[in-house]
1. Might you check whether a residue that is small (G, A, S), over 26 Å from R304 (Cα atoms), part of a loop (DSSP other than H, G, I, E, B) and in contact with a helix residue (DSSP H, G or I) (Cβ under 7 Å, 6 or more places away or on another chain) occurs anywhere in the stretch 75-84?
2. Are any of the residues in the stretch 314-335 closer than 30 Å to L218 by Cβ, part of a helix (DSSP H, G or I) and assigned by TED's automatic domain parsing to the domain that holds N204?
3. Among the residues in the stretch 153-166, are any more than 24 Å from S258 (Cα to Cα), in contact (Cβ under 8 Å) with a residue 24 or more places away in the chain and of a type outside the set (F, W, Y)?
4. I need the full set of residues from the stretch 204-214 which are part of a loop (DSSP other than H, G, I, E, B) and farther than 12 Å from V187 by Cα, in order please.
5. S387 fails exactly one of the following numbered conditions: (1) closer than 20 Å to W157 by Cβ; (2) in contact (Cβ under 8 Å) with a residue 60 or more places away in the chain; (3) among the hydroxyl-bearing types (S, T, Y). What is the number of that condition?
6. I'd like to verify a number: residues in the stretch 348-394 that are under 24 Å from the mean Cα position of the chain (by Cα) and of a type in the set (S, T, Y), how many?
7. Can you pull out the residues in the stretch 54-74 that are surrounded by fewer than 17 Cβ atoms within 10 Å (Cβ to Cβ) and in a loop (DSSP other than H, G, I, E, B)?
8. Quick check, is L146 in contact with an Asp or Glu (Cβ under 8 Å, 6 or more places away or on another chain) and either modelled with pLDDT of 95 or more or assigned by TED's automatic domain parsing to the domain that holds S225 (or both)?
Amino acid sequence: MPITQSKEIAAAKRLDNVRYAIRDLALIADDVARQGHEVLYLNVGNPNVFDFVTPPHMIEAVYKAMRENKNGYAPSPGIPAALTAIRNEAESRGFTSIQDVFVTSGASESVDLALTALLNPGENILTPVPDYPLYTAVLAKLDIELNPYFLNEDDGWQPDLVHAKSKATSKTRGIVLINPNNPTGAVCTRKMLEEIAELARRNNWIIFADEIYDKLMLDGDEHLSIGAVAPDVPVVTFGGLSKNYLAPGWRIGWGIVSGDAAAVKPYIEGIHRLLRARLCANHPEQYAIKPALEGPQDHLAGVREKLRRRRDITMQACNSNSRISCVAPRGAFYAFPKINIPENDETFVKELCRQKHVLVVHGSGFGQKPGTQHFRVVFLPEERQLSQAYASIIDFMNERYGQ
């Protein structure tokens, strides 16, 4: 039989809105590297490629689990020891109405499951601008129309609740709060948490609280979880081992559902249907959760001290050029400088990589207010590398736009 050419197999239309600027830019960096240049990557929050090391007692716990042949399937919600440790640690931080805990393949899967279990066609949730692109990607995959609300740069990147209220509709089911924030490094005040909780309370919303960086507070402040501040409000709090415990490649995250038991019961049942359908999270790595949360926390002081110094170097660099301004990050390891340039920030970022071999992420990849330009920097590299990168950025701006 003659061979006929196959027809093109198109991807689903709903994927047109799936973007992940943080990794999409790596294609340009790869091209620069192929030309023989060394690229300094300030685009991905991956501490282990720099001078941050997973605590050894966590590694030993995983090795032990593997040696004991904990290599088959785990219970779909997670192993009991891990679930108990997550619950106990949250209660120690003030949670009083925990109704469920589940372990996932990274906090990203927790987010995916939590949104999928909630949203019907035509409904929406409020997502922050700027935001971590995972949320918009999951919503695009679900074919859910985006409903963004602004963070207020003039108020330290606190949520703009006036804008959030104006964007709410009868089809709005919840609101996303990233605290500490990626990409800005902002941390919500107690007053702001209380106001968000009251907004959710009045509208019967779920709050999706992304707190993956909750132990990486840079100025000695205590992190406040909105699930602890508002125990009566339905909240799904996302956490994991990736950032606080320096093990992003293990892909271990979790969700904590809190609030009124009767109100969240059917929603929890929906989450568990999805948990069962995907079998389980990585099994041996779950045995690191209990020693991580209950064992030595010595590494955290050193991590925070490094990040404080690197945050301060970042701010010094931002203050050294009239075209850059930046709200000082108070948590995590990101800064989101504002730039005054005569072209869009995506062009800025791509040309910076091509000409100076420094890779950052354009602010439009996270969303930003119209008429503003930003870029996100990850300040994880060692201080010498970081200073070198910032010097290259300043040189690039002076050469391209003038002093």
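The values are calculated or read from the model by the stated rules, or taken from the named source; none is laboratory data. Because the structure is predicted, anything quoted here is derived from the model rather than measured. Ideal geometry is used to build each Cβ from the backbone, glycine not excepted, and the neighbour counts take in all protein chains shown.
1. yes
2. Scanning the stretch 314-335, I find no residue that is closer than 30 Å to L218 by Cβ, part of a helix (DSSP H, G or I) and assigned by TED's automatic domain parsing to the domain that holds N204, so the answer is no.
3. Checked against the condition, which is being more than 24 Å from S258 (Cα to Cα), in contact (Cβ under 8 Å) with a residue 24 or more places away in the chain and of a type outside the set (F, W, Y), the stretch 153-166 yields at least one hit.
4. N204, W205, I212
5. With respect to (1) closer than 20 Å to W157 by Cβ; (2) in contact (Cβ under 8 Å) with a residue 60 or more places away in the chain; (3) among the hydroxyl-bearing types (S, T, Y), S387 is out only on (1).
6. Result for the stretch 348-394: 3.
7. If the condition is that a residue be surrounded by fewer than 17 Cβ atoms within 10 Å (Cβ to Cβ) and in a loop (DSSP other than H, G, I, E, B), then E68, N69, K70, N71, G72, Y73 are the ones that fit.
8. In short, no.
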